[in-house]
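Visitor: One structure, pasted below without further comment.
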Amino acid sequence: MALQSIAETWLRTFALAASTGDVPAIVQTFLPDGFLRDLLVFTWDVHSLEGHDKMTAHLRTTLAGAQLSNFKIETRPGLCAEPSTKGGVGASFTFEMPRRYGRGYVRLLQGQPSNEWKAMAVYLAVDDLKGHEELGPEPGVYGGHTLAWEEVFAARRARIEQDPYVIVLGAGQNGLNAAARLKQWNIPTLVLEKNARIGDQWRGRYPTLSLHSIRNWSHLAYHPFPEKWPEYAPREKMGAWLEQYADTQDIVVWTRSKLLPGARYDSASGRWTVTVDRAGTLVQLHPAHVVCAVGSTGPPRMPLIPDRARFAGEVMHSSAYPGGAAYTGKHVVVVGACQSASDICQDLAFRGASVTMVQRSSTCVVTIKTAADDERACFPDGVPTDLCDLKFHSLPMGLRRRLSEEDADLNWERERELHAKLRKGGLKLNMGRNGSGHVFLIYERLGGYWWDLGLSDYIGSGRVKVKQGVEIKQYVPDGVMCTDNTFLRADAVILATGWQDPREGLKDVFGANVLDKTKTPWGLDDEDEISGCCRPTGHPGLWYALGDLATSRFYSKLLALQIKAIQVGMSAPAGIQARL
């Protein structure tokens with residue numbers, strides 16, 4: 001049977017069960033260990049359900065009310081049925097709800113013993129809102145060709161600045177992606193950036209910083225990088241790109257601006273009262289929503305090591321590292337063994353410092369080629385980013401992990417040469433939980449791994465030494481003592497020891513009593529969904545937008561759809577039971 005026919009046959013059965021609200025029938029279209037990924041369709045939230053029992057519990061009270069209808073299999077190139085996971089069939093389809101448009105993707109396998117095609121995974125997502133659709137491009141001619149663009153944008157900016165419906169904190173990739181999406185759903189949005197210029201959060205990091213994700217993975221919403229853009233964008237270019245992105249997407253940004261402590265939410269009006277310090281001028285505003293896009297990490301985590309005053313050298317967190325040129329000929333101890341520590345150790349060694357990496361536990365290390373090949377397989381050249389996003393996110397994280405665990409031996413084998421050099425230097429290695437690889441460590445903890453760009457050669461040759469399985473016990477005048485009572489000479493100690501919860505840096509503004517009740521912004525919940533990213537946090541009108549560039553691009557659309565739905569009355573404010 002042709003692939004398209006297989007997909008069409010399955011979709012007819014699925015659509016009939018969905019449109020009639022028949023939960024047992026719809027569940028039977030899945031393999032027993034299959035997955036249903038629901039993005040804003042049944043609960044205005046994000047869920048992944050594994051297995052028939054969890055699907056049944058999720059759909060029992062939501063399927064009939066969702067009123068899914070008008071299912072259509074896609075026939076367009078790139079969306080029609082195609083070979084898919086584990087020798088199965090994958091296909092995209094569309095559907096409707098009374099006030100929403102939906103998009104889906106199914107991965108089918110032949111079940112045993114009947115050889116009937118059933119779903120290994122089904123992805124259902126809200127794609128747009130009826131009567132409140134994404135705006136799309138403007139004509140570019142205004143007032144019958146009587147108004148200049150400067151006049152039009154100045155008037156829009158003034159309206160937004162006077163009464164923003166949304167305030168976004170931070171003009172990094174997360175804040176700008178969110179603002180661009182919100183603008184496309186005609187939501188007045190003001191972005192606050194504490195730095196003097198958009199992109200300064202990149203310009204202020206260590207000189208050799210670059211993206212470690214490939215160009216195709218890292219596009220911003222609506223605005224891909226040029227074809228000849230570097231595969232791994234350096235920090236200065238990323239700063240400049242963010243700055244021009246805000247301009248070309250017509251995003252209203254206040255620089256040198258931040259929220260002051262004392263933000264208050266009024267549940268009766270559904271509005272915040274916030275005070276903004278705008279370059280020294282205090283401005284009071286009343287947004288309905290505040291999106292916290294101040295980064296995926298909070299304040300630096302600085303371990304309290306005794307006797308700092310005795311140490312004659314420098315101590316700094318990795319976020320303050322100025323580059324290796326100042327440390328030529330010096331002894332430097334870098335505490336930590338993940339991506340920042342790797343970059344810093346390599347830079348220091350190249351600049352002629354004597355470097356010791358203190359690795360406290362174990363690290364997942366893969367070559368940059370491994371990471372790039374994995375990303376390229378999902379985001380190949382010549383394929384629209386939206387289509388790549390659909391297929392990538394249609395595979396639930398739990399299923400992706402299961403498939404990767406099945407390939408655990410292969411995951412280890414392809415790093416065999418790299419790992420031999422690292423083990424020679426004394427590094428302790430892991431391959432993520434159950435051998436599933438580095439990708440899941442990103443979503444679980446934003447750490448615990450590094451992508452190797454050459455540090456392994458320095459470690460294998462002994463130019464970077466590894467002190468494994470210890471902590472720093474105390475400072476001494478000319479170095480540090482470790483918990484095994486060994487001494488490391490140091491002129492500088494760089495603490496690549498990670499960051500605190502992003503909420504810690506926001507408690508002064510919103511209060512611990514508010515933030516402690518919200519979901520953890522990052523990390524995976526018990527359904528293997530990102531806990532608090534662009535989904536209800538538990539407090540109405542308060543959102544977290546964070547993650548790497550690909551996560552930010554995709555999830556920012558979900559955020560905009562939820563906020564627009566609240567604005568036009570399709571759902572209740574986040575944290576309150578939503579209406580379908």
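Visitor: How many residues, within segment 547-578, are modelled with pLDDT under 95, closer than 30 Å to residue 436 by Cβ and surrounded by 22 or more Cβ atoms within 10 Å (Cβ to Cβ)?
Guide: Result for segment 547-578: 1.
Visitor: Additional query: Every residue in segment 251-294 that is out of contact with any Ser or Thr (no Cβ under 9 Å at 6 or more places or on another chain), surrounded by fewer than 20 Cβ atoms within 10 Å (Cβ to Cβ) and either part of a loop (DSSP other than H, G, I, E, B) or modelled with pLDDT under 95 (or both), please.
Guide: 255, 256, 267, 268, 269, 270, 280, listed by residue number.
Visitor: Same structure again: Hey, can you tell me all the residues within segment 161-170 that are over 16 Å from residue 559 (Cα atoms) and not in a helix (DSSP H, G or I)?
Guide: 163, 164
Visitor: Now for a separate question. Determine, yes or no, whether residue 475 is closer than 30 Å to residue 310 by Cα, surrounded by 21 or more Cβ atoms within 10 Å (Cβ to Cβ), among the hydroxyl-bearing types (Ser, Thr, Tyr) and not assigned by TED's automatic domain parsing to the domain that holds residue 544.
Guide: yes
Visitor: A follow-up question, please. Looking at (1) of a type outside the set (S, T, N, Q); (2) surrounded by fewer than 22 Cβ atoms within 10 Å (Cβ to Cβ); (3) in contact with a strand residue (DSSP E or B) (Cβ under 6 Å, 6 or more places away or on another chain), which one does residue 57 not meet, given that it meets all the others?
Guide: Every listed condition holds for residue 57 apart from (3).
Visitor: Just give me the residues in segment 48-81 being assigned to a strand (DSSP E or B), over 28 Å from the mean Cα position of the chain (by Cα) and not β-branched (Val, Ile, Thr), in sequence order.
Guide: Passing the criteria: 69, 70, 71, 72.
Visitor: Identify, please: which residue in segment 481-510 is β-branched (Val, Ile, Thr) and in contact with a helix residue (DSSP H, G or I) (Cβ under 8 Å, 6 or more places away or on another chain) and is, among those, surrounded by the fewest Cβ atoms within 10 Å (Cβ to Cβ)?
Guide: For segment 481-510, the residue satisfying everything is 497.
Visitor: Looking for something loosely packed, with under 15 Cβ neighbours inside 10 Å, among the hydrophobic types (A, V, I, L, M, F, W, C) and under 30 Å from residue 225 (Cβ atoms) - is there at least one such residue anywhere in segment 422-444?
Guide: No: zero hits.
Visitor: Follow-up question, since we're still on this one. Regarding residue 475, is this residue of a type in the set (Ser, Thr, Tyr) and closer than 30 Å to residue 214 by Cβ?
Guide: no
Visitor: Going by what's in this entry, would residue 406 be described as surrounded by fewer than 18 Cβ atoms within 10 Å (Cβ to Cβ) and among the charged types (D, E, K, R)?
Guide: yes
The values are calculated or read from the model by the stated rules, or taken from the named source; none is laboratory data. If you're wondering where the values come from, they're calculated on a predicted model, not measured in any experiment. Positions of Cβ are generated from backbone atoms using ideal geometry, with glycine treated the same way; all protein chains shown enter the neighbour counts.
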